[in-house]
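What follows is a single structure, written as structure tokens, with notes after it.
The values are calculated or read from the model by the stated rules, or taken from the named source; none is laboratory data. The structure displayed is predicted, hence computed values, not measured ones. Neighbour counts are summed over all protein chains in view; Cβ atoms, including those assigned to glycine, are modelled from backbone coordinates with ideal geometry. When the accessible area is computed, the model is the full protein with side chains, heavy atoms only, and any ligands, DNA or RNA have been set aside. Shrake-Rupley method; radii C 1.70, N 1.55, O 1.52, S 1.80 Å.
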Amino acid sequence: AAKKAELARKADAKKAELAKKADVKKAEVAKKDDFKAATKDIKGPASVGAPNRGFLVRGVKLRSSRSLKVREHAQSWGVPALVKLLQRAAGKIAKHHPKSVMLIGDLSQKSGGALTGHNSHQSGRDADVGFYVANSKGQAATLKHFVAFDGSGKSTQVTWAQFDDARNWSLVEALLTDKETPVRYIFVSMPLRARVLAFAAKKKVAKELYTKAESVLMAPRDADVHDDHFHVRIACPETMKGYCQEESNGRGPVAKATKAADPVAVAAAPAAADDAPKPAP
């Protein structure tokens, strides 16, 4: 009797496991069907939902160029406005600071959605941009990975690397003065934010630009401290206002409900506004 009971228990466990796998498969199929249904009326590229609870439709891929390097294995898909903004900014900096190459990390996956190592980057409006780095002689240096810096501008990982104040301010300026794509946030650690603003004040930049930089540069709570890169987020493009939600769910004001139901966001979740704590190198 005991043996029969054990066999029955194992048979029931096997059935339960198969049923669970079947349910997972059904859920995956349903998610794909929901995605198709939600996007069938969208014409052209679109950032749908919130940065931390959304997806990307017909995004474009950011590719490396003479002035811009996409980091190996990075997910570099975004809405056209973001991709073109990064290309323009990289070109401007390279023009004024020869031998400058902008290092880009993750944007979003091809169809958006959850991305490992990030709480946002889901809807094609976020990009991780490495700091411009100088060597011990103050000359432009190019790295293949992000490097962390403290408030003194010294690297906590590479002894010879220095935070290039001039070029990093030029990056912020290029992003904030772009005439085609408004930048909503630039996340960065508080010590480096102070450093960038101090350089801008020393250069006596226009008051309007300085005030805008003060507003846009910020260090969000409950997330990566952003001491090794800028996290750039653009505003919802005008053509996507019906689908795009400006703020992350659980953070700040929420835009109007999306025209197409977001299959990724069945319910709002209190996720951070930007990157999750960074993994070990």
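Observations on the structure shown:
- The magnitude of the dipole of the stretch 88-134, with charges of +1 and -1 set on the Cβ of Lys/Arg and Asp/Glu and taken from the Cα centre, is near 320 debye.
- Report note on the peptides 59-66, 172-179: ranked by the mean count of other C-beta atoms within 10 Å, highest first, their order is 172-179, 59-66.
- Rounded, prolate or oblate (a/c below 1.5 giving rounded, otherwise prolate when a/b exceeds b/c) for the stretch 1-147 by Cα gyration tensor: oblate
- For the stretch 238-248, Karplus couplings with θ = phi - 60° (6.51, -1.76, 1.60), whole Hz, Gly/Pro x: 4, 6, 10, 4, x, 10, 8, 10, 4, 9, 5
- Apportionment of accessible area to carbon and sulfur, the stretch 89-177, percent (1.4 Å): 50 percent
- Taking amide H as placed 1.01 Å from N in the peptide plane, V70 has its amide H under 5 Å from the amide H of S64, S65, I104, each at least 5 places away in sequence or on another chain.
- Shape call, the stretch 150-239: gyration tensor on alpha carbons, a/c limit 1.5: oblate
- Links that overshoot a 28 Å alpha carbon limit, given the list K43/K92; K84/K212; K15/K40: K43/K92; K15/K40
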